1. With a/c under 1.5 counting as rounded, go ahead and sort region 105-163 into rounded, prolate or oblate using the C-alpha gyration tensor (a ≥ b ≥ c being the square roots of the eigenvalues; past the cut-off, prolate if a/b is larger than b/c, else oblate).
2. For the chain, what does -39500 (n - 2.57) per DSSP helix run (n ≥ 4), summed and divided by total residues, give at 222 nm, in deg cm²/dmol to the nearest 500?
3. Mind putting a number on the dipole of region 39-148 about its Cα centre? Charges go on the C-beta only, +1 for Lys and Arg and -1 for Asp and Glu, and I need it in Debye to the nearest 20.
4. Under 20 Å from the Cα of residue 150, which aspartates and glutamates turn up, not counting those fewer than eight places away in the same chain?
5. Calculate log10 I(q)/I(0) of region 18-77 for q = 0.21, 0.23, 0.27 Å⁻¹, where I(q) comes from the Debye formula with a single equal point scatterer on each Cα and nothing for solvent.
6. From the Cα gyration tensor of region 26-113, with a ≥ b ≥ c the square roots of its eigenvalues, which class applies: rounded if a/c is under 1.5, or else prolate if a/b is larger than b/c, or else oblate?
7. Which one, 127, 28, 47, has the greatest fluctuation when you compute a Gaussian network model over the chain with C-alpha springs under 10 angstrom?
8. Can you tell me which of 23, 97, 75 moves the most in a GNM of the chain? Springs connect C-alpha atoms under 10 Å apart.
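The values are calculated or read from the model by the stated rules, or taken from the named source; none is laboratory data. The shown structure was predicted, so the numbers you read here are calculated from the model rather than taken from an experiment. Backbone-built Cβ (ideal geometry, glycine too); neighbour counts: all protein chains shown. The protein model used for the area step is the full one, side chains on, heavy atoms only, and it has no ligands, DNA or RNA in it. Shrake-Rupley method; radii C 1.70, N 1.55, O 1.52, S 1.80 Å.
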Amino acid sequence: MSNHPLSQTEVETYLSTTIPELLAQLTIEQKPLWGKMTPQHMVEHLIVVYKLSMGRFNVPVVSKEEDWPKLKEYLMKDSPMRRNVPAPNGKSELQPLRFADLDEAKQKFIAETATFLKFCEAEPEFIANHPYGGPLTAQEWLLCHRKHIKHHLIQFALIPDYE
């Protein structure tokens, strides 16, 4: 893993090309290395976070404002995320599934990725709250999505853990 920050184009390519290729390998039988999400719950969770980043719904910020700069820096960095982080709403049960099956969820995820990337291009300064990092621009969310999705790809052994 290189230490130079990826360009915006490299991150966009990772989200639009690499991740769908990796998700294509995900099967309904796969078990997570940690946590209790099923493969479909994980994919649907990623869709919800895209919607959050485009302001389709809001969640309260649970961190203190004075911690936002430090948390934002962490969210932007291509580094491992902590595991088994509780949901910001404090609920630990799995959300009800929205789609008929894993394949439909994967297709919706790919469509939502494209929607987010177009949104990011059109509204780079749009601000949506991250439940821990506070207000993030669409450009900052781009990096946050890469980190978050990689975390879940590692969770289901689709990519190796960080070296």
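1. oblate
2. -14000 deg cm²/dmol
3. About 240 debye.
4. 10, 12, 21, 29, 44, 73, 78, 103, 112, 140, 161, 163
5. Log10 I(q)/I(0), no solvent term: -1.04, -1.08, -1.12.
6. Since a/c reaches 1.5 and a/b is larger than b/c, the shape of region 26-113 is classed as prolate.
7. Maximum among the listed residues: 28.
8. 97
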